[in-house]
Amino acid sequence: MGNFYCLHLVLLLFCFGFFVNTLSQADSGSDAITAVYIVSLKQAPAAHYFEEQLRRHNRHGHGFHHNSSSSSGRLNRLHKPRNNSRYHPSSGSYISRVHDSLLRRALRGEKYLKLYSYHYLINGFAVLVTPEQANKLSKRREVANVVLDFSVRTATTHTPQFLGLPKGAWSQQGGYETAGEGIVIGFIDTGIDPTHPSFADDISEHSYPVPAHFSGVCEVTREFPSGSCNRKLVGARHFAASAITRGIFNSSQDYASPFDGDGHGTHTASVAAGNHGIPVVVAGHHFGNASGMAPRSHIAVYKALYKSFGGFAADVVAGIDQAAQDGVDIISLSITPNRRPPGIATFFNPIDMALLSAVKAGIFVVQAAGNTGPSPKSMSSFSPWIFTVGAASHDRAYANSIILGNNVTIPGVGLAPGTDTDQMYTLISAVHALCNETILANDMYVGECQDSSNFNEELIQGNLLICSYSIRFVLGLSTIKQALETAKNLGAAGVVFYMDPYVIGFQLNPTPLEIPGIIIPSPDDSKILLQYYNSSLERDGLSRKIVRFGAVASISGGLKANYSITAPKVMYYSARGPDPEDSSLDDADIMKPNLVAPGNLIWAAWSSLGTDSVEFQGENFAMMSGTSMAAPHIAGLAALIKQKFPHFSPAAIASALSTTASLYDKSGGPIMAQRAYANPDVNQSPATPFDMGSGFVNATAALDPGLILDSTYDDYMSFLCGINGSGPVVLNYTGQNCWVYNSTIGSADLNLPSITISRLQQSKTVERTVANIAGNETYKVGWSAPYGVSVKVTPTRFFIGTGEKQILTIMFNATMNNSVASFGRIGLFGDQGHKLNIPLSVILKFS
């Protein structure tokens, strides 16, 4: 949701605290265009080395049983690989020296600039070189892969209640005071405002130790002084070397520190793990108290996105690498690439492959689906090891309205007080209240009310001022705040914004207004207002000058929330499946998104210097919308699952969230999906798995899933190795040969809690393995087949003991030739109350 120089480069990099390799003294004499490249080496990174050490250790009689309920398994399997680096402080600097040596040998006497050494999840570096130098590096035998850096972009008071946390998930964990305790969530975002009360560590009398498995540090800068971190905010760094080398880093706006100059990162961190019970006061109005999903979880910030330009993969990968090395339990990414990754598969890109290594280290990874919906294949998060979250509405809305003197009521938006209930006020259009009528000829935008000196105070005082809302507001050239300032300076009783007819289909979020006011977002409703106003004017018969303003109105106000709307529904902007496997838009046999969560109109913390939303500038909280807001809801809920089941793998957490998701809205009907940007509530139909994945998150049920479908790093590797021609690419990214994996599997055969078949050639059989993490239970199996397909599942009934596994065999047969995607479901119904839902999607069918 982000919007789209003072020193020599090297001095700038040192000034901002980056360790950079010294520029070679020899002058190459070339003015060739340079760019940032991400170079990975064939030797395995540190995390893989420590994993191998553990495997050897386990082969000597210290094995770890995957479904063991003891927490010792978590320490052995997950934390030792990530924490060993703390006990080898020289390992990172040694690898960095190896990278420097390689660069010196490959680029003898030439200029280059190394930005980062990656050594934990990826063995490689980011370097500023010419295309010719990049080609030289690619030919070195030590080098596996050279990829051009690419850009990325940024993609609550009531949602805990809507998700049933106070009486459900939180109460199971001992209440909000312990919900998420001991779990560290890492955020790759725009930073954080450490002064916000949502991140204080002294609001509870309970002890609040920093988890022993976390080893991160806090940068200290002018904007982020010593003491900014505490037992809640346990780590904070920033990564901007790639941006700085491009000369686009604006230090006065972007801050070379973890401090959030945008607002987005502060917002997402508080959605996931902000403190409980923080008052939300905006424009002087109180909107309730805020809480994160896991209010006792800890926060670690890895700033790699910036207000003025977004971000770059080299900086994001550096943040991911550091987060894994520090020992975070969960990584939350409210960012997506600006373009679909090129190559043989979308999965092979530096960010997704770094996240695969994070998953190998036991870290659950959450990513926003992207705000590029509602068209099919608009998905911006691709890989099966990443948990992709779409955005849905929740049931709170702020409704405002204006009641005209002819008894017509027009709906609108605006977090504003109303006028006195028993009084009607005269309406006066800004263009009819000018001090000098020649202004209108000189300034076509005067009706936007941006300058009080243009208007006649005597005419406006005590009346409702009508202002136009044009495309200039959308572009940030005019602001609501400035119009409100004009209205206040002129003594207006309130302000009414009508929508310029040229602003077609623009979706307007509720905006805080300090005085009575309303914004009418519909051009058609705006016409009704203006027709009434113009028809009520009395003019002099000869001069045609206005002698009386006859239109009157009152504003009901939009401070009171309404909880009666149908929810959830999938928002029009939420990116949709099917998951594109490659840049030619072939479909992958992987369901995306994984599920949907609240992402629309979310109240959460805001940076004191946040500028991403001009309407909330200077406020402590902001209401934002996007899949960026949905992803941290899941990061926080995953922390609750990780707290209850510390031995769960990332895939097990994903399974618990997916199989328990809800298919129905709060009124009992099917969840709907908005299908158009214009009039989205009119253009909607029942959501499919390509809109909502497994459904809408059910936080309480996810803490008691009964059965889980698990996958390992080796499963993901077998899947990648099964992609035609992928062997060299897999070797380049992971340092591992595909021949190690004796058998490869197709994506439909991954043990995911969903089944997607992009091409059904007559028939196909797949298997799913479920493991019981609850008590002994007998399950019945039911299903509905996708249109044009017959489905048979065996067994149709099974008993499964605690800790046992059961294989389900699912046979698909095409009964017709059809190219339209169709959907079905498998349901598992346990006699102890557990219910699991596995969505089925089949696209092309050939009978």
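The values are calculated or read from the model by the stated rules, or taken from the named source; none is laboratory data. Remember, predicted model here, so these are calculated numbers, not experimental data. Note that we place each Cβ from the backbone using ideal geometry, even for glycine, and neighbour counts take in every protein chain shown. Calculation scope for accessible area: heavy atoms of the full protein, side chains included, ligands and nucleic acids excluded. Shrake-Rupley method; radii C 1.70, N 1.55, O 1.52, S 1.80 Å.
Details
- Solvent accessible area, Å² - D681, 1.4 Å probe, full protein context: 90
- Integer Hz, Karplus 6.51/-1.76/1.60 couplings in order for segment 229-238, x for Gly and Pro: 8, 7, 6, 8, 8, 9, x, 7, 9, 10
- Theoretical ellipticity at 222 nm over the chain - DSSP helices of four or more residues, -39500 (n - 2.57) apiece, nearest 500: -6000 deg cm²/dmol
- Segment 547-625 - accessible surface per residue (Å², probe 1.4 Å): 29
- Hz values of 3J(HN,Hα) by residue in segment 767-774 - Karplus curve (6.51, -1.76, 1.60), Gly and Pro given as x: 10, 10, 10, 10, 10, 8, 9, 10
- Distant-in-sequence amide H partners of G182 (H built 1.01 Å from N, under 5 Å): H298
- Protein accessible area in the chain, 1.4 Å probe - carbon and sulfur %: 51
- Volume of the convex hull of segment 705-816 (Cα atoms only), normalised per residue: 122 Å³.
- Given in Å, the Rg to one decimal and the Dmax to the nearest whole number for the Cα atoms of segment 417-565 are 15.1, 53.
- Each part reduced to its alpha carbon centroid, segment 733-763 and segment 596-628 end up 40 Å apart.
- Loop-located GluC sites (Glu not before Pro) in segment 738-847 whose Cβ has at most 15 other Cβ within 10 Å (DSSP): E804
- In order through segment 105-114: 3J(HN,Hα) via Karplus (6.51 cos²θ - 1.76 cosθ + 1.60), integer Hz, x for Gly, Pro: 5, 6, 10, 3, x, 9, 7, 7, 9, 7
- Here K360 is the anchor, and the aspartates and glutamates within straight C-alpha reach of less than 17 Å, apart from those fewer than 8 places off in the same chain, are E51, E52, D321, D326, D329, D352, D710, D714, D715.
- 4 °C / 1.567 mPa s Stokes-Einstein diffusion coefficient of the chain, Kirkwood radius on C-alpha pairs, µm²/s: 45
- Most positive-pole-ward Cα, V740, G618, Y306, against dipole of the chain from beta carbon charges: V740
- Taking amide H as placed 1.01 Å from N in the peptide plane, I757 has its amide H under 5 Å from the amide H of S841, V842, I843, each at least 5 places away in sequence or on another chain.
- For A588, the residues 5 or more places off, or on other chains, whose built amide H falls under 5 Å of its own are D579, E581.
- Efficiency of FRET between E538 and N338 - r from beta-carbon atoms, R0 56 angstrom, step 0.05: 0.50
- Cβ-Cβ distance of T809 and R104, R₀ of 51 Å, FRET efficiency by 1/(1 + (r/R0)^6): the value works out to about 0.35.
- In this simple spin-label model, placing a label point 7 Å from the Cα along the Cα-to-Cβ direction at both K792 and D714 gives a separation of 3.2 nm.
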